[in-house]
Amino acid sequence: MKKTGLQLILFIFLVANGLNAQEKPSFQGSYQQTYFIDMIEDLESRYDLKFLFGPELDSTIVDLEFSDVSLDKMVEKISITSNINFYVKNSTMVIATGKYKIKETLNPAIFNVRQLEKKAPSPDQESILDNIREIAELDRDNRMENQLIEIGKAINRFDGKTAIIDGFVKEAKTGEPVIGASVFKKSPLVGVITDQYGYFSFTLPKGKHVLFITSAGMKSTKRQVMLYSDGELNVELKNGIISLKEVVVTGERNTIENLQTGFANLNIKNIRQIPSVMGEADIMKIALTLPGVQTVGEGAAGFNVRGGSADQNLVLLNDVPVYNTNHLFGFFSVFNPDVIASANLYKSGIGANYGGRIASVFDVALRDGNKKKFTYKGGISPVTLKLTVEGPIKKDTSSYLVGLRSTYSDWILSLLDDPDFRNSEGGFSDLVGKVSHKIDDNNTLILSAYHSRDRFKLNSDSLYRYFNSNAALQWRHTFSKKLHAISSIAYANYNYQLSSDQNPVNAFKIDYNINHYALKTEFNYFPKERANVKFGVSSTLYDLQPGRKKPLGDQSLILPIDLNKEKGLETAIFGGYEYELTNRFSVYGGLRLSVFNSLGPGQSFSYQPNTPKEEEFVTDTTFHSNNEFIKTYVGPELRLSGRYKLGEDLSVKFSYDRMNQYIHVLSNTTAISPIDTWRLSSAAIKPQIGNQYSIGLYKTFFGTSMEMSIEGYYKTVNNVLEYKDGADLLLNEVLETDIVPAKGRAYGVEVLLKRKSGKFSGWLSYTYSRSEIQANGTFASERINGGRFYPSNFDKPHSAVLVSNYKINRRVNISFNVTYSTGRPATFPITKYEFKDKPRVLYGNRNEFRIPDYFRTDIAFNFDGNHRVHKRIDGSWSLSVYNLTSRANAYSVFFRAEGNEINGYKLSIFKNAIPTITYHFKLK
Amino acid sequence: MRRVNKYLVLLIYLGISGCLDPFDPNVPESDQSFVVVDGIVTDQPGPYTVKISRSTSLNGDSDKVTGAEVSIEVQNGGTETLIETRDGEYETSTLQGEVGKSYRLNINFGGQTYQSTWETIHPSPVIDSVYYQIRTIGTTDVEEDEDVVQFFIDSRGPDDGPRYFRYELEEVWKIGVFWPSYSDYIGNDQVVLTTNPRHTCWKYWEPSGINIATTAGLKSNVLSKHKIAFVGREEERFTRRYSILVKQFALEEKEYLFWKNLKESNEDLGSIFDKQPARVLGNLKNVTNPDESVLGYFSASGVQEERTYVKAVDVTPSLRRRPFCNPMDTLKKADFDMPEEYEETLLLAVNSGRSFFIGFYFSEIGGNVLGALLALPKCSDCTLKGGDVNEPEFWEE
C-alpha cells in the first residue's frame, strides 16, 4: 500500500497544477441524439482537448447544444446530458469521474491516508480512492504521451539521415512482453510488430515523430520522440483497468497495412467470451471460427486449413512442433489457455522462416511469467482444474511461469452405477513451464517446456495412453540496432501406447515413438529504413519408431513385431526480404531451400517393372546401414507477397507460397484417431508439395473500427497420400502397398467482416471453398473413382460463422455465435446384395455423397468480478450454452447390415444443448 | 442398440449425448447391378450349393440368376456340373471336398464367363471347447442392468496349419407357453390327450454378424477365449433349454481379409474414428469382360463343429424370466340359460382356435364340472411366437 500513498502525493501535485487556470477559449457545438463517443471525437478534433473515459460511455446518447461558452460551462452541460461527472485539468483534459465529483478543494481524508488504511475504509471510500487512483494514473499516462522523449545522443544527430529505434513493449503490471503490438508512426505510415519477446526495431528519419503503440486488449498509447541517433524506447502498455475494449482476433497491424494474405492473430485475452464446450476455452476451437479453417466433425481432432488435412498444419508451441494437438479424442486442444499469449495463424503469405508443412502455420506463443510479483490464478470447469503460478526470479530480469491443468474425470466415473462407466477411465493433464532471463540488454535466454499425458480405457478394454513432451532453449542476441539473432535448440517427443490385458493369452502392448531434435538460428536485419531481412538455417533430425508390438505377461503368445526405425534429416536455409518500395507498395520475396535425407538403417523394396506396388510383386529388399542416405529430396521453395494501397483504407495483396512436407500422418479414418502415426518420407513415399496463389482485397470503415476482407486462393498439392480400400496402417511394414499416389487441388473465396471495438464487436465470415483429390495411377488399384477428381474429406463448399459479443456494462457481456457449414463428403452404398443369406452393401464412389449440413448456435454470459485494484482475488463466472437449439448435427452417416435389412444411421455427438458454468479466479 | 460405440461411452459421462438416429440418405437409384456369387466347398459331406444373383437398389428384392451353366473344377481331377435345384441355387451331386485339394468355380451365362481363383481346402483345427460366462451390462436405463450370456471358443491347431478362421453360428432353443394346453375338449365334459400340441416349440436363428478370428501374430496356433456370440434374453432364449452350434471354417489370409473388409464396411461403422468404407470385391472375375466387378466369394474350407447346451437353471433368474400372459378366461355353465349354449360356445371357442382348453373348473364341494378354463392363443400356442413344434433330430435333453 506504500505505492498508493505515493500516487496520492503525485495526484495532489497534479491537482495543484490544475488550479492554474489558463485563458479560456470559447466553445460551441450542437449534438442531437448523438453517441457520446462521436461527440468527443468531434470536440477533440476541433479543440485542443483530451477526454478520458471508459468504454461504457461510448454509446451513451447525448443531446445538447452550446455556443460561445467557457470550457467549464460546456463540461457542465455534457455532465448534465450524460449524467456523468467530469473533472477538468489544465484546461486541456476532461476526465470522466463517474458518479463522483472531484472537488478542487481536497477531501481532508486524502491527507490522512495512513489513518484511513488503519480504519479499513468503507466501500464508498474505497471506490472514491479507486477513482482517484485511476485519475492519477491516467494523468501519468497522459504525461508520458505528451512529453518529448529524446532518443540517442544529440551529438550524433548529423551522422546520417536515419536512425534505428528499438525497444520492448511490456505489460505495465506484470512486465510480460506484449507480443504482436504495433509500433508505428502515421503519414507516412511506418511501423513494425513486436515479436514474441515484445521486441521491435525499425528505421526512421531523424527528427521528431509521434509513435503510436497499440495491441489487442491493451490500452493504446503514443510517445513523442526526438530521434537523434540509434536508441532505445521501452513502452509499457496497460491492460484492462480503464479500457475493457478487448478483441479476440486482430490482424496485427491493421489489415490494410500488413503484407500478409491469409493471416490472423488470435489473442487469448478474452477468449472465454466465446462459448465453448464444457467451459474449456480453447484457442484451436477459436481458430475454427475463422474463414478457411474447418473441422471434419464436432469435437474431431485438429483442423483443416483451406482444404488440407490436419497434419498439413505446422502447430508450434514456442517454436517447437506439437505432434498430437488433442486431448480426449479432439474435444480439447493441448493448449492451456491460461499460459498462452497469442497464436498466429498463417494460411498463406507464409514467410520463408517457416516450412515443413503445406497448409498452414499455427504458431502459439507462451506468455512470460510476471516479472514484478508473484501471482497465481486458476479455474474450475466440469472437466478440468487449472492452476497457473508465476513470478519473478529476480525482479524485472527473470521470471517463471508454470501452468498445470488436469481432469478429474476418473473420480466422477467411479461414482457412476453403470458398470461400463465404472470400468472406464479417461483423462488428461498437461504441464507448461517457461523461464526467461535477461542476461543483459543484448542477451536473453528463454527456456520453455511442455508435457502432456492422455489416457483412456473404455469398459475394461484396451488402454490408450499418449504423451507429448517438448522443450526449447532460446537465446536472443542483439548484435547492434540493425541486427539481432535468435538461436534455439529444441527437442520434441510424442509417443503412444496401446495395451490390452483382458485375455492373458492375447495380452499385448503396441507403442509408437517419435523424437525430434532441432537447431535453428534466425537473423533479423534492418539494412535501411522500411526494409527488413530475415535469414537463417534450421536443421531437424527425426528419429522414430513407427510401431512395435510386444507380448504382455508370461502367458501371452503374441509374437513381437518391431518395425524398422525411420530416421530423417530435414535441413533448410532460408532468407526473406521485405521492403516498402513506396508508401503504397510493399513487397516480400523469400526463398527456402529445404533438403530432406531419408537415413538408414532401414529397408526398401524393389518391385517388378510394370506392376503396382503390391507385396506379391516385391522382387528385392535392400537393407541400408545406419545413417546411410537412402533417399534425398531437395525442395526449393519460393515465397512472394505484395501489397498495394489503393487508399488509406483500402489495399490489395497477393502471395505465392510453395511448401514441402516430409513427415505425414497416416490416417484412413475421417477424423484423426489416437492410433494414427506420423511417418517420414522415404524412397517410396514422396514429399507432399504444395503451391498456393492467394489474392485479397482489404478495406476498413469508420476509422479502423470495421474491417472487411475478401481473399481468394488456388492451391495444388502433389503426392497427397490416399489409401487403398481397407488399408491397415497400424504396424504396416510396407506402407507403399496401401498408399495410392494422388494429387490435390483446392480453391475458394473467404469474406470476413469484423467490428473490433465498441459495445458490440465480433465478426461475420462466409467461405466458399472446394477441396478435391485425384488418384489416377497407372494401375487399376491406383485409381479411385475412375481417376477423376473427387471431393476430399475436408470439402465443405459453404461455410458461414457469426461471432458476436455485446458488452452490457463493464462487468457483464454476452456472446452469441452461429456456425453453419455444408455437410462433409461421405461414401454411401449404391447397391445391395445377398451373401450367405444376409444383406450386404457395395459402396459407391469415394466421397460421392454428403452428410447433412451443420448448424449450431451458442450463447455465453460472462460476469467479471469488479475491477477494484486492491481486491485480492478477482473472480469471474461464465455461463454458457453450447448448441442452444439442441440440433443433432450429424458427425457421420453410416449403414449397417442388421438382421435382414440395411439400416442407415446418423451419428451425432451432441443431441442436446450443453450448459456449463465455469469459475475463474486470479490473485492480484 | 446393444453395439454402443465404445468411444461414446466416455463422452456420455461428459454430458455429451452421443446418439444414433435412423437416417434415410435418399441415395438415388443406381443403374449398376453386379453379379453376386456365394459358393462353398467344404470337407464335410455335400451337396454344396452355389447361389448366383444380381445386386439391387438399396430397397430392392434379391434378383436371382437362373439358367446359368455352373461347374466346379477340381485341380488335376475333373469337373462337376451343378444342377439348378431352385431359382438361382445350383447344387453338386457327387462332389466330395477333400482337404488339400483345390477347387475353382466356373459360371457361364448371358454370354459372359465368370471364374474364381483356385481355392484349397485347409483342415480346420479341433475346437477345444465352446463355453460361456454370464455378464451384467448397463442399459440405457441407469436403474436397470441386464444379464447377457457371452459365448467363447477355444481351439488349437498345428502351428503350420491354417491361422485364419470364420465362424457361423446356429442357435436353437426350446420355448414353452404360459398356459400350456395338453388336452382337447371333445364335448360333454370329456377330454383327450391333445393331437396337436402347441405347448413346446423350438426356435432357430442364425446370427448375421460376421465373426472372424486369427492366430497370426501368435507364437502358437492357439485361439483363446474368442468371443463368438453375445446373447440376451430376447425371444425367451433361456427359459427352457438353449443350444448353439459353432462351425469353424479354416480360411486363407486373402479370404480372411475379404471378410474383415466386409465386416468393417457393413457392420463396424458408426464409431467416431470410422475408416473410409471399402469397396469389397472377392475372388471372382469376369473372364470375358475383366472390367466388370463381381461380388461375393467362392471358398473352399475345412470345417469343424461344436454344439453346446445351456440349461435354464444355469442362468440367472432375469435371463430365464418368461413373459407374463394375461389370466385365463373362465367359461361358467351358470352363465348360460341352456346347457347346450354352454356346450356350443365352448366347442366353438376351442375348435375355431380362438381359445385353448386348459382345464375344467370344478365345484369346491362336489367335484362337479362348473365350467372350463380357457386361454388365448398367444398364451398357449408357441408357434405364434415363431417356434416349430417338431423337435430337432440332434436335440439332447
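Remarks
- Simple Cβ-charge dipole of the range B:329-375, Lys/Arg +1 and Asp/Glu -1, about Cα centre, in debye nearest 20: 220 debye
- With the convex hull constructed from alpha-carbon coordinates only, chain A shows a mean projected area of 43.3 nm² over all directions.
- Pairwise label distance in nanometres, A:LEU483 with B:VAL191, each label 7 Å out on the Cα-Cβ vector: 11.3 nm
- Charge sum, other residues only, whose C-beta stays under 11 Å from B:GLY157's C-beta, Lys/Arg counted +1 and Asp/Glu -1: -1
- Taking amide H as placed 1.01 Å from N in the peptide plane, A:LEU237 has its amide H under 5 Å from the amide H of A:LYS170, A:GLU171, A:ALA172, each at least 5 places away in sequence or on another chain.
- Cross-link partners of A:LYS911 among aspartates and glutamates (Cα-Cα below 16 Å; sequence separation of 8 or more within a chain): A:GLU298, A:ASP853, A:ASP858, B:ASP21
- Among B:ARG237, B:ARG354, B:ARG104: highest mean-square fluctuation, GNM of chain B, C-alpha pairs under 10 Å: B:ARG354
- Antiparallel content of DSSP bridges confined to chain B, in %, to 5: 90 percent
- With the helix formula -39500 (n - 2.57) applied to DSSP H stretches of n ≥ 4, chain A reaches a computed 222 nm mean residue ellipticity of -3000 deg cm²/dmol.
- Using alpha-carbon coordinates, inclination of helix A:2-18 to the longest axis of chain A, degrees: 50 degrees
- Average other protein chain Cβ within 10 Å of Cβ, residues B:26-38: 4
- When DSSP beta bridges are restricted to pairs lying wholly in the protein assembly as shown, around 95% turn out antiparallel.
- Between 0 and 90°, nearest 10: helix A:123-146 axis offset from chain A longest Cα axis: 90 degrees
- Cα-based Lys pair tally, the range A:148-243, threshold under 19 Å, eight or more apart or on separate chains: 26
- The residues neighbouring A:LYS395, those whose beta-carbon lies less than 10 Å from its own, together hold a net charge of +3 under the Lys/Arg +1, Asp/Glu -1 convention.
- Rounded to the nearest whole Hz, the Karplus-based 3J(HN,Hα) values (6.51 cos²θ - 1.76 cosθ + 1.60, θ = phi - 60°) of the range B:35-49 follow the sequence 6, 10, 10, 10, x, 8, 10, 10, 8, 8, x, x, x, 9, 10, with x at glycine and proline.
- q = 0.07, 0.10 Å⁻¹: log10 I(q)/I(0) that the Debye formula gives for chain B, counting C-alpha atoms only: -0.50, -0.89
- For the range A:781-788, 3J(HN,Hα) computed residue by residue from phi via the Karplus equation (6.51, -1.76, 1.60; θ = phi - 60°) reads 5, 9, 10, 10, 6, x, x, 8 Hz, glycine and proline entered as x.
- The C-alpha radius of gyration of the range A:770-924, expressed as a fraction of 2.2 N^0.38 Å, stands at 1.60.
- If you run the Gaussian network model on chain B, springs between alpha carbon atoms under 10 Å, then out of B:GLU89, B:GLU341, B:GLU170 the most flexible one is B:GLU341.
- Note on the protein assembly as shown: with charges restricted to the Cβ of Lys and Arg (+1) and Asp and Glu (-1), its dipole about the Cα centre is near 7820 debye.
- Farthest toward the positive end of the dipole of chain B, out of B:SER53, B:ILE72, B:GLY187, is the Cα of B:ILE72, where the dipole comes from beta carbon charges about the Cα centre.
- Bins of 10 Å from zero: percent of alpha-carbon pairs in the range A:751-844: 13, 24, 21, 17, 13, 9, 3
- Beta-bridge orientation, the range A:276-381: approximately 70 percent antiparallel, per DSSP, counting only bridges with both partners inside.
- Think of each Lys and Arg Cβ as +1 and each Asp and Glu Cβ as -1; about the Cα centre, that makes the dipole of the range A:264-923 roughly 2800 debye.
- By the Cβ-Cβ criterion of under 4.7 Å, the unpaired cysteines of the protein assembly as shown are B:CYS19.
- Extreme residue, positive dipole direction of the protein assembly as shown, given options A:LEU483, B:PRO392, B:ASN261 (C-beta unit charges): A:LEU483
- Point-to-point label distance, A:LEU288-B:LYS385, nm (Cα→Cβ direction, 7 Å offset): 4.9 nm
- Taking Cβ atoms as reference points and 14 Å as the exclusive limit, the residues near A:SER348 contribute a net charge of +4, counting Lys and Arg as +1 and Asp and Glu as -1.
Read-outs: derived from the displayed coordinates by stated rules, not from any lab. Because the structure is predicted, anything quoted here is derived from the model rather than measured. Note that each Cβ is placed from the backbone with ideal geometry, even for glycine, and that neighbours are counted across all protein chains shown.
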